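Undergrad: Have a look at this one.
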Amino acid sequence: MTGQMSSEMADDFLKIVDAAQVPISKLAKAEDKDTNVLYGNIYLNAFEKLVSALVKPTETYNLQNISLNNTEVRVLAIGPNASTIPLIRTEKAHMDIDLFEIANSSTTRSAAVTFMSYKSMENLLKPDFFNTSNDTIKTMMSTVISATLQQTNNTKLTKPVNFTLRHIREFDPSGSLSCVYWNISEWSVDGCSVLETNSSFTVCSCVHLSTFALIMQTSHPTESNSLMELLNLVCVIVGLVFFSLALLTFALCQWSPGVNNVARINLCVSLLLAHLLFLLTQQFLRLIRRQQVLCAVISGVLHFLFLSGFVWMFIEALLLYICVKNLSQISSKKREVLNSGFLCVIGYTVALVVVSVSVGLLPEGYGSEHCWIKLDKGFIWSFLGPVCVILALNTILFINIIIKLNFTLKNLNAEVSQMRQTKIMTFKTLAQFVVLGCSWILGPFTKDSQILEILFLIVNSQQGTFIFLVYCVLNDEVRKQYRKFFRFVRGVFAVNTKKVCENMK
């Protein structure tokens, strides 16, 4: 009987039982669930009874720290004259319990609590014994701990107990953490919840004392689709090449005085950097995910770049609307109102404000499995919200543009060249609607359809190609400069080839 057992004898028996923890775990590893559960319950009951014999009455407080090979034990007892008590801590966990409140409700004005941390208990009480409706991979993220009240008449907790559990394995940001307790034959979450978590530790709050642990659920790894990965790589690289060609064209070609390319240049810069960063991140994802802070920073930068791209899409649509309204290239008077400096402030400040507010409200929303915005807690709307607003505004602008163009075509009494120019502008307007975000409408529907996923991948990665075709290839002035450039290159090549041939003779 533990009530008749001396603390010295209990200490000796604890060492014997502790030494049996690893052999029992290894023996039960190959057994079925019933055997594991039986061994685990017997071991927990025996250990807790032996530890209860270590409790010593005191007038103030008494803390015993016992470190065995496979278990850490803490026994804290307080008496009626206690004013302060130390923190109950082990290497991998610590407990925050209001022992004074429990003692005050006791007739003896005293209370005691035992706290154990088992290093190998997960081999008996396996994480797979956590029954959930989801088919997930379950991983034990902490040591198994036990806490019990001793020599106390009223064992009912007056307030929840908090356990801070240090992670013993690499933290997966995409996983789902649960604070669980051992309920005779399985792990259960009843009465326990997660208060706080980061990559190093998790704080659990429970309304009862028992045996606890931290279990992470992650999705089963999907089979790698090498064809999709190759298609994504090729499409993004092709899109980046055309983004670069478009930027070179905007920067080096001579444009008519009324043409304002500032929105197109910044649109290309934003999307070029966004697609390039996302491509590099996915190629080195395994290395980047080990650094959670770096992963979160990258997702924040991607959030900013894609949002600024959408803002520049709206600005370009607005400039196009002004252009159609005046039925000519943007005049110098309009450029004074919408000068480049003002446009740059709007183009990047709006995205920066949205990202800053998002970081302030929910900083842990960044850094998903793919180093993008996390989908939980509705944080994805920090991106989808502004995107939906911009797409709606663009749609309104384009409807007005089409109406004005149609009205212009009906009432145009001009030469054939002006009619042709207006028809080309109509085509560019329709093509630009695709460039300015129409492809993103496919995004929410790609989850259950591989065909839509491929279509979204191709269309979204080729925004640079669309921009290059619409604004460069389909522009007569630019094509003339292309031809002039190619004639120059061909001439230089011919001269150099002739010189080489003459030298060879």
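Undergrad: Given the criteria farther than 19 Å from GLN150 by Cβ and modelled with pLDDT of 85 or more, does LEU38 qualify?
TA: Judged against the criteria, LEU38 is a match.
Undergrad: Is it the case, given these coordinates, that LEU157 is among the aliphatic types (A, V, I, L, M) and either part of a strand (DSSP E or B) or surrounded by 20 or more Cβ atoms within 10 Å (Cβ to Cβ) (or both)?
TA: no
Undergrad: Suppose we filter segment 187-197 for residues that are open to solvent by 60 Å² or more (accessible area, probe 1.4 Å) and in contact with a helix residue (DSSP H, G or I) (Cβ under 9 Å, 6 or more places away or on another chain); how many remain?
TA: Residues that pass the stated criteria total 1.
Undergrad: Does ASP135 satisfy the criteria of being in contact with a strand residue (DSSP E or B) (Cβ under 6 Å, 6 or more places away or on another chain), at negative phi and at pLDDT below 80?
TA: When the stated conditions are applied, ASP135 does not pass them.
Undergrad: Criterion first (in a helix (DSSP H, G or I), at pLDDT 90 or above and open to solvent by less than 20 Å² (accessible area, probe 1.4 Å)) does ALA274 satisfy it?
TA: yes
Undergrad: Here's a check for you: in segment 198-219, which residue that is farther than 25 Å from LEU99 by Cα and of a type outside the set (S, T, N, Q) is surrounded by the fewest Cβ atoms within 10 Å (Cβ to Cβ)?
TA: If we take residues in segment 198-219 being farther than 25 Å from LEU99 by Cα and of a type outside the set (S, T, N, Q), then MET216 is surrounded by the fewest Cβ atoms within 10 Å (Cβ to Cβ).
Undergrad: Output the qualifying pairs, or none if there are none: Cβ atoms under 8 angstrom, residues six or more apart or on different chains, first residue in segment 81-98 and in contact (Cβ under 8 Å) with a residue 12 or more places away in the chain and under 24 Å from ASN69 (Cα atoms), second residue among the small types (Gly, Ala, Ser) and open to solvent by less than 90 Å² (accessible area, probe 1.4 Å).
TA: THR90/SER117; GLU91/SER117; LYS92/SER117; LYS92/SER142; ALA93/SER117; ALA93/SER142; MET95/ALA147
Undergrad: Continuing with the same structure: Right, GLN254: open to solvent by 50 Å² or more (accessible area, probe 1.4 Å) and modelled with pLDDT under 80 or not?
TA: Answer is yes for this residue.
Undergrad: Name the residues in segment 48-63 that are surrounded by fewer than 17 Cβ atoms within 10 Å (Cβ to Cβ) and within 43 Å of the chain's Cα centre (by Cα), would you?
TA: LEU63
Undergrad: Let me ask something additional. ASN69 versus (1) assigned to a loop (DSSP other than H, G, I, E, B); (2) touching a helix residue (DSSP H, G or I) at 6+ places or on another chain (Cβ under 8 Å); (3) under 16 Å from GLU8 (Cα atoms): which is the lone unmet condition?
TA: Condition not satisfied by ASN69: (3).
Undergrad: Looking at (1) in a loop (DSSP other than H, G, I, E, B); (2) of a type in the set (A, V, I, L, M); (3) farther than 19 Å from ASN162 by Cα, which is the one condition that is false for ILE85?
TA: With (1) in a loop (DSSP other than H, G, I, E, B); (2) of a type in the set (A, V, I, L, M); (3) farther than 19 Å from ASN162 by Cα applied to ILE85, the lone miss is (3).
Undergrad: Return the residues of segment 166-177 that are closer than 11 Å to ASN198 by Cα and in a strand (DSSP E or B); say none if nothing qualifies.
TA: ARG166, LEU177, listed by residue number.
Undergrad: Out of curiosity, is ASN62 more than 22 Å from HIS208 (Cβ to Cβ) and assigned to a strand (DSSP E or B)?
TA: So ASN62 passes the test.
Undergrad: Another one. Identify, please: which residue in segment 37-47 is within 41 Å of the chain's Cα centre (by Cα) and either assigned to a loop (DSSP other than H, G, I, E, B) or not hydrophobic (A, V, I, L, M, F, W, C) (or both) and is, among those, nearest to ALA10 (Cα to Cα)?
TA: Checking each candidate, the answer is TYR43.
Undergrad: What do you reckon, is ALA147 in contact (Cβ under 8 Å) with a residue 24 or more places away in the chain, open to solvent by less than 30 Å² (accessible area, probe 1.4 Å), assigned to a strand (DSSP E or B) and over 19 Å from ILE215 (Cβ atoms)?
TA: For ALA147, the condition - in contact (Cβ under 8 Å) with a residue 24 or more places away in the chain, open to solvent by less than 30 Å² (accessible area, probe 1.4 Å), assigned to a strand (DSSP E or B) and over 19 Å from ILE215 (Cβ atoms) - is not met.
Undergrad: Continuing with the same structure: In segment 346-371, which residues are under 10 Å from the mean Cα position of the chain (by Cα) and crowded, with 20+ Cβ neighbours inside 10 Å?
TA: GLY365, TYR366, GLY367, CYS371
The values are calculated or read from the model by the stated rules, or taken from the named source; none is laboratory data. All values reported here derive from a predicted model rather than from experimental measurement. Note: ideal-geometry Cβ built from the backbone for every residue, glycine included; neighbour counts use all protein chains shown. Areas reflect the complete protein model, heavy atoms only, side chains present, ligands, DNA and RNA absent. Shrake-Rupley method; radii C 1.70, N 1.55, O 1.52, S 1.80 Å.
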